[in-house]
Amino acid sequence: MNASKHHRPPPQNVIPFADSCSPYYALVPPEIRHEIFSYALSDFPDPSANSRYNSQTCYTRPSYFASRKSDLRLLRTCRAVYREAWFLPFTKRTQTFWLCTVGEDRAPPGHWASAHRRRCGRILSQITAEYGGRRVEIEKLHVFAQMYKIENGELCHVLRTPHLHPRSFTLTVRHTDWWWWEHDQGLYFEAKWIPELCLFLSSSVKEIRIQLESLERKKGQVDAIVKHMSEHWYFKRSDNEVLYPDATLQMVEVSRWTGSSTWHGNTWTRDEARPGEVDYYVAEVVFRPRHVLERLGGHVSVVATENAKRGVFDEAAMRCRATENEGQTDQSQESAQILVDTQDMS
């Protein structure tokens with residue numbers, strides 16, 4: 001995005017160089033300057049010790065092990081740089097929302113969705129106003145959500161944030177976000193929330209990523225849901241562009257990681273792969289416009305294609321439910337009685 005006549009006044013502590021900063025400034029094409037500024041102002045995990053998250057929580061995980069910050073010294077070098085790049089620390093940062101029960105170790109302290117939505121709306125409204133009302137797009141939106149929050153339509157509240165136009169939208173369902181995870185029940189994913197969400201899905205969205213995480217021993221259940229989702233699900237943006245998954249499953253992205261078996265002050269020995277450790281399996285389904293998907297070598301299922309043409313969201317057919325023999329173990333009937341309080345272990 002290039003600067004326009006609607007500039008934000010530079011702060012008082014900006015070094016009072018001339019607007020040109022350097023006789024060579026204008027020789028660098030705006031597109032190159034944008035790439036340089038975007039790289040320099042990107043956020044990163046705060047390396048200070050007091051910024052690291054407690055490892056014994058539900059929210060600590062790869063890429064989310066510390067609060068994030070941006071180095072803003074570049075914006076203090078001259079007025080021209082500031083005027084051209086002051087908004088980048090916000091638009092380039094992944095805007096993360098945690099839709100979960102308040103008062104539990106499910107989100108970093110102070111990171112509640114309602115407060116963050118108000119803050120994002122305020123900043124995006126300011127950026128939009130100062131750029132003459134033109135649409136301002138952010139790079140990434142990432143939502144961690146419990147199932148009951150998804151099914152209650154709270155994703156729509158996030159997407160209704162004023163002037164929120166993400167290019168990439170990721171929804172992550174963690175092991176402790178599934179229905180009745182504490183009783184080790186089989187995994188399932190309803191789809192009744194999708195039609196309403198599509199009403200607020202900006203035309204800026206180029207891809208939707210759904211990350212499904214569970215225990216390594218439930219890999220079969222996750223894979224069954226991924227297969228069903230890849231054959232039946234689709235998302236229609238507000239401009240009627242449809243985003244599909246790859247029905248061949250070749251584009252499903254799989255990862256694994258190991259975390260602590262203790263959170264909420266309790267140790268879940270039932271789920272341990274080794275003493276004190278839980279192994280997680282994560283599968284990510286990516287939804288893209290058909291022409292992008294096919295150019296990458298993917299294929300759209302006939303079912304999803306026909307339903308999208310007719311504008312049909314068949315909730316019953318789209319419901320994802322793994323059968324008990326898909327990744328289920330003999331522990332499936334065990335209840336939360338296996339939970340051992342860490343205080344009792346000491």
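Overview of values
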item	result
Residue with peak Gaussian network fluctuation, the chain [Cα springs, cutoff 10 Å], from Ser51, Ser261, Ser203	Ser51
Candidate values (1) 72, 58, 32; (2) 140, 62, 30; (3) 86, 55, 42, label of the one derived for Cα extents along the principal axes in Å	(1)
Count of Lys pairs (Cα-Cα under 19 Å; at least 8 positions apart or interchain) in the chain	14
Dipole magnitude of the chain, debye to nearest 20 (Cβ charges: Lys/Arg +1, Asp/Glu -1, about Cα centre)	1900 debye
HN-Hα J in Hz across segment 211-219 - Karplus 6.51, -1.76, 1.60, θ = phi - 60°, x for Gly and Pro	9, 10, 10, 8, 6, 4, 6, 9, 3
Signed unit charges on C-beta, dipole axis of the chain, positive-most listed residue Ala66, Thr262, Trp178	Ala66
Range in the chain, longest, excluding exposed trypsin sites (Lys or Arg not before Pro) [loop by DSSP; at most 15 other beta-carbon atoms within 10 Å]	6-133
Among Phe313, Phe44, Phe200, residue whose mean-square fluctuation peaks in a GNM of the chain (springs only between Cα atoms under 10 Å)	Phe44
Cα centre as origin, Lys/Arg/Asp/Glu Cβ charges: segment 236-282 dipole, Debye	100 debye
Charge dipole of segment 137-293 about the Cα centre (unit charges at C-beta), most positive-ward option of Asn240, Pro166, Pro195	Asn240
Amide H contacts of Thr96 (H built 1.01 Å from N, under 5 Å, at least 5 apart or other chain)	His142
Among Tyr24, Tyr244, Tyr64, residue whose mean-square fluctuation peaks in a GNM of the chain (springs only between Cα atoms under 10 Å)	Tyr24
Sum of -39500 (n - 2.57) over DSSP H runs of 4+, divided by residues of the chain (222 nm, nearest 500)	-7000 deg cm²/dmol
Beta bridge orientation in the chain: antiparallel %, DSSP, nearest 5	65 percent
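Bear in mind these aren't lab numbers, they're just calculated from the coordinates by the rules spelled out. Quick caveat, the model's predicted, so the values are computed rather than measured. No Cβ is skipped: glycine too gets one built from the backbone with ideal geometry, and neighbour counts run over all protein chains shown.
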